[in-house]
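Worksheet for the structure shown next.
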Amino acid sequence: MQQDLMNNIKLVQTIAPITKTTGLSGDTTEGTGVDTAGYESCTFHFNIGAAVDTSDADYKLQESADNITFTDVASTDIIGSDTILSLTNTTGANATLKKGYIGTKRYVRAYLTITTGGSGSWPHAVTVILGHARKAPVA
């Protein structure tokens, strides 16, 4: 490999690694807002661990102009099949998934909802990959 990607992207956690546990149906986790200023592309990386559970979960992408008021991203601003990433404990376990954002808002985040609470635990984390930096190398 001859191309350098490391100095041309920035990784920012929006949902730090967490483990959702027993009976959390309806539980939500708001990701931290990620500032996209200085970058021309944005991809969400979902890192889902092994489910020792019977829960299901939904992820939404959200955007904001001010990092205070967030709204759901429209499907036209998402690269991927759906506006909501729905996971079950069998289809979403031990998965690495991605969705692209092509909207115009400065701040983005992930929003996690446990839709069916079960027993056990299920680790989740979401990182935003910012690319096509206006100034490289990226620190």
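Taking label points 7 Å from Cα along the Cα-to-Cβ direction, residue 138 and residue 104 give a separation of 2.3 nm. Each of 62, 101, 18 was placed along the dipole of the chain (beta-carbon charges, centred on the mean Cα), and the one lying farthest toward the positive end is 101. The value of relative contact order for the chain, using C-alpha pairs under 8 Å at least six residues apart, is 48 percent.
Judged by the mean number of other Cβ atoms found within 10 Å, the most tightly packed of the peptides 97-110, 62-75 leads the ranking 97-110, 62-75. For residue 135, the lysines whose Cα comes closer than 29 Å to its Cα, not counting residues fewer than 8 places off in the same chain, are 10, 98, 99, 105.
Here, each number is a calculation from the coordinates, and none is a lab measurement. The model shown is predicted, which means the values in this text are computed figures rather than measured ones. Glycine also receives a Cβ, built like all others from the backbone with ideal geometry; neighbour counts cover every protein chain displayed.
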